[in-house]
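Values in this text are rule-based calculations from the coordinates and carry no lab data. Only a predicted model underlies this, so the values are computations on that prediction, with no experimental measurement involved. FYI the Cβ positions are ideal-geometry reconstructions off the backbone, even for glycines, and counts take in every protein chain you see.
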Amino acid sequence: MPQWPLGFEAALWRTRLGIKLIESEADIPTAQEARGVFYLQRFVGPSRPPYEDMRILIANGTIIGAMRRRSSHWITNVRQGAKPLAVTPSQEEQGLALAAAHALNAEIAGVDLITPAHGAPVVLEVNSMAGVVWFAKNHFILHSRTSRASDFKFNAPMLKFSVAPKRVAEAFIFACEAELQAPKPGNVHIFASGHGMATQDFVDSAHVAAPFIADPNLTVGAKILAATKATWAAVGQNTNLGIILLCAPLAQAALNAATADLRLETSQLCKTLGLDDARDAFQAIQLASPAGLGASTTDDVRAPAQTTLAAAMAQAAPRDRIAYQYAHDFCDIFDIGLKSLDRAREAGEDEILSTLTVYLAFLGSFQDSHIVRKY
């Protein structure tokens, strides 16, 4: 007598039966429904929601991407509503996925793993249609210095790590609007206006700045200046200078990425920021005239730029946390922000709570340099 539940999968995909969970004998389809072919496998995984599994993407014996798929339904298919989450597999999971791909001599493979309620991870299946392009477009490629398109030798289209301008603009707007959803003390958000500003001012600012942030033909400095000018034309005040300064290099790196490592791409880009970038950025800062700007004996933004933006940011790094990112590989973003966001999402937090969690992680890690300069 079989132990229930079992998973039933019709062998003929043109039928409407699809995949069915067998919890009792009454759930078994008839021979006619199954077209005479039954494919039974034991159901593994958690016995109650949330259900999840992992897809690990492998190319030429190298793990280049991974995601966890989580759902309230036992079918953890993204197209059927499961939520994809970026994840770094454990050593055990990596070894199991690599072994499965090697056993099948697969140059490209999407290896699906699941961990039973009590036990070690097991292989569900190995997919030849691994979703390489989907992984790259949705940023589930692992941050790895060895994950370069030139490393892959296969007969599928080469991986393109650059992000389309439309997606960069959408991501910029999404991040700006998500930030407004979190009740951050002392800041404008959907629960409170302040400083002569309302939430809609920030929403409008995000939408008018986004096309310039995502323009692949603009330099970092030109992005900063154009986005700042557009903001002032729309709302007549400084709502987003810090956001623009922080996002411009990240956007430029994403637009022109040659690898999957956005941190490396951004770091390399910041080292190349020149005198023209400084002139444009200085002009944008003068236009926005942020409170608590202060003065400097060298490379003061109120004077014509005499040095590169890379050097100016390094000089300002001790007193300004955004400048600090330019000079230190955007470490706060990648080491604190993204990791906090990953943990929050892994814990099942929604977008609002996840955003607040990231804010608190930053607040607990260092002082707000803007508040320090003002008071």
- Item | Residue-wise HN-Hα coupling along the range 232-246, computed from phi with Karplus coefficients 6.51, -1.76, 1.60 (Hz; x: Gly, Pro) | 5, 5, 8, 10, x, 7, 8, 10, 8, 4, x, 4, 4, 4, 6
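Quote to one decimal, in nm, the extra length available between V123 and D350 on full extension: 0.36 nm per residue of separation minus the C-alpha distance between them. All intermediate terms of the calculation are to be shown ahead of the outcome.
Numbers: separation 227, 0.36 × 227 = 81.72 nm, distance 2.94 nm.
So the extension gain works out to 78.8 nm.
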- Message: Taking R0 as 30 Å, what FRET efficiency do you get between K83 and T272 from their Cβ-Cβ distance, rounded to the nearest 0.05?
- Response: 0.20
- Three principal axis lengths of the range 213-364 [C-alpha, angstrom, descending]: 48, 35, 31
- Non-local amide H neighbours of A66 (under 5 Å, H modeled in plane, Pro and chain starts lacking H): which ones? L57, V87, L142
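Using the beta-carbon distance between L104 and L360 and R0 = 45 Å, what value does 1/(1 + (r/R0)^6) give for FRET efficiency, to the nearest 0.05?
On the way: r = 45 Å, r/R0 = 1.00.
That pair, L104 with L360, gives E of 0.50.
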- Note on the structure: Taking H102, H189 and counting other beta carbon atoms within 10 angstrom, the fewest-first order is H102, H189
- Give the long-range amide H neighbours of I22: residues separated by 5 or more places, or on another chain, with amide H under 5 Å away, using H modelled in the peptide plane at 1.01 Å from N. L6, G7, F8
- Message: Suppose a student asked you for the relative contact order of the range 319-369, using Cα pairs under 8 Å spaced at least 6 residues apart; what percent would you report?
- Response: 41 percent
- Message: Using Cβ contacts closer than 10 Å as the measure, can you line up F191, F362, F202 from fewest to most?
- Response: F191, F362, F202
- For Q32 and V44 in the same chain, what is the full-extension length gain: residue separation times 0.36 nm, less their Cα-Cα distance, in nm? 1.6 nm
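Hey, fewest Cβ within 10 Å first, where do L273, L264 land in order? Intermediate results must be reported in sequence, preceding the final value.
Numbers: L273 23, L264 17.
Sorted ascending by nearby Cβ count, the order is L264, L273.
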- Task: Multiply the residue separation of V203 and D368 by 0.36 nm, subtract the distance between their alpha-carbon atoms, and state the gained length in nm to one decimal.
- Result: 57.1 nm
- Note on the structure: The rounded separation in angstrom of the Cα centers of the range 181-226 and the range 68-82 is 33 Å
